[in-house]
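> Handing you this structure, nothing more for now.
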Amino acid sequence: MNKTLNDNMPLGKTVGHSETYDPSHLFPVPRQEARNALGIVSALPFQGVDIWNAYELSWLTPKGKPCVAMGEISFPCESESIVESKSLKLYLNSFNQTRFDSPEIVARTMQDDLSAVAGAPVAVHLLMPEEFDRMQIQAPHGQCLDSLDIGMDTYQREPGYLTTRTVKVEETLYSHLLRTNCPVTGQPDWATVTIDYSGKAIDHESLLRYLVSFRQHTGFHENCVERIFMDILNLCQPDRLSVNARFTRRGGLDINPQRSTDETRFSNMRLARQ
């Protein structure tokens, strides 16, 4: 990561936050540097979205009464930048003692600010308390790989584990065992990752070994999902591929990058660890 960028980033530092609305907290992290390392220098080989769920969102009514909501924030993968997660937390905290006329104004304010920082239209949807029951816990679709009895001694990303067979299949596989590490703080990030594809069958044990090999890999959530996508795309050459990771919550936020070769409807299902 660019040292100047890292030095200016609020993540991993003691930073005060404003008591009232302050969009200057938002800190952009350009996507391109991480993509250069993947050989992505022009047209994107995927479509996708990063869905962030904000569980600690509050503001005041014009009379000063607190409101709470959950926020669904969708960043298109084509955006120039992602938003650093701690900066988003500080930004959302700045709403806590600010009076707004309506939830619609809160959502529109967030949408305008985040779109300006990301460099692309960002969608914001607020879920009010009377709608909280819509966020029901679900299970991933497909076949879980985690019962496979594999041996491991490599915990740095190893794409060489990936192997395929000649038979063609269409299947959805998932694992709860993905762990990566924040490139700034070194703290672990935990996720359930789903791979949906068609083409030459990916050997299941090889895929699980590959996913576990990220255990000491460092990278932001979005970068890690794009690495997984590109490794499978380049080494397994599927006809169609989607990679979806749902990371566990940190600081009231969970981040869920999704990448696909196809035009698809990206969902926001909540898993048990979220």
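The values are calculated or read from the model by the stated rules, or taken from the named source; none is laboratory data. Not measured: the values here are computed from a predicted model. Every residue, glycine as well, gets a Cβ built from its backbone with ideal geometry; the counts of neighbours run over all protein chains shown.
> Scan the range 63-87 for residues that are touching a Ser or Thr at 6+ places or on another chain (Cβ under 9 Å) and either part of a loop (DSSP other than H, G, I, E, B) or under 26 Å from Q237 (Cβ atoms) (or both) and report the count.
The total comes to 1.
> Another question, then. Across the range 193-214, which residue is surrounded by the most Cβ atoms within 10 Å (Cβ to Cβ) among those that are assigned to a helix (DSSP H, G or I) and within 17 Å of the chain's Cα centre (by Cα)?
The qualifying residue surrounded by the most Cβ atoms within 10 Å (Cβ to Cβ) is L211.
> Further, regarding this structure: D133 versus (1) of a type outside the set (F, W, Y); (2) over 21 Å from R215 (Cα atoms); (3) in contact with a strand residue (DSSP E or B) (Cβ under 9 Å, 6 or more places away or on another chain): which is the lone unmet condition?
Going through the list (1) of a type outside the set (F, W, Y); (2) over 21 Å from R215 (Cα atoms); (3) in contact with a strand residue (DSSP E or B) (Cβ under 9 Å, 6 or more places away or on another chain), D133 breaks only (3).
> Let me ask you something else. Out of the residues in the range 127-138 that are in a loop (DSSP other than H, G, I, E, B) and at pLDDT below 95, which is surrounded by the most Cβ atoms within 10 Å (Cβ to Cβ)?
Top of the filtered list is M135.
> Related question: Filter the range 169-222 for residues that are of a type in the set (K, R) and either in contact with a helix residue (DSSP H, G or I) (Cβ under 9 Å, 6 or more places away or on another chain) or without any contact (Cβ under 8 Å) to a residue 40 or more places away in the chain (or both) and give the result.
Let us first name the residues in the range 169-222 that are of a type in the set (K, R), namely 179, 200, 209, 215.
Matches in the range 169-222: R179, K200, R209.
> Right, another one. Can you find, within the range 88-110, the residue that is farthest from the chain's Cα centre (by Cα) among those that are free of Cβ contacts under 8 Å to residues at least 60 places away in the same chain and in a loop (DSSP other than H, G, I, E, B)?
It comes out as D101.
> Right, something else. R270 fails exactly one of the following numbered conditions: (1) basic (K, R); (2) at pLDDT 95 or above; (3) under 17 Å from A54 (Cα atoms). What is the number of that condition?
(2)
> Could you list all residues from the range 195-248 that are over 19 Å from G48 (Cβ atoms) and of a type in the set (S, T, N, Q)?
S206, S213, Q216, T218, Q237, T248
> Here is a further query. When you look at E171, is it exposed (fewer than 15 other Cβ atoms within 10 Å of the Cβ) and of a type in the set (D, E), yes or no?
Spelling it out, E171 is indeed exposed (fewer than 15 other Cβ atoms within 10 Å of the Cβ) and of a type in the set (D, E).
> Could you check, for the range 253-270, whether at least one of its residues is part of a loop (DSSP other than H, G, I, E, B) and among the aliphatic types (A, V, I, L, M)? Give the steps one after another, and end with the answer.
Our first condition is that a residue be part of a loop (DSSP other than H, G, I, E, B); within the range 253-270, this holds for 261-269.
From what's left, among the aliphatic types (A, V, I, L, M): 269.
Yes, because at least one residue in the range 253-270 is part of a loop (DSSP other than H, G, I, E, B) and among the aliphatic types (A, V, I, L, M).
> Hey, among V117, V124, which residue is in a helix (DSSP H, G or I) and in contact (Cβ under 8 Å) with a residue 12 or more places away in the chain?
V117
> Follow-up. Taking the range 242-274 as the search range and keeping residues that are hydrophobic (A, V, I, L, M, F, W, C) and crowded, with 22+ Cβ neighbours inside 10 Å, which one is farthest from the chain's Cα centre (by Cα)? Outline the logic, then answer.
Residues of the range 242-274 that are hydrophobic (A, V, I, L, M, F, W, C), as a first pass: 243, 245, 247, 253, 255, 266, 269, 271-272.
Still in the running and crowded, with 22+ Cβ neighbours inside 10 Å: 243, 245, 247, 255.
Details: V243: 11, A245: 7, F247: 7, I255: 3 Å.
Per the criteria, the residue is V243.
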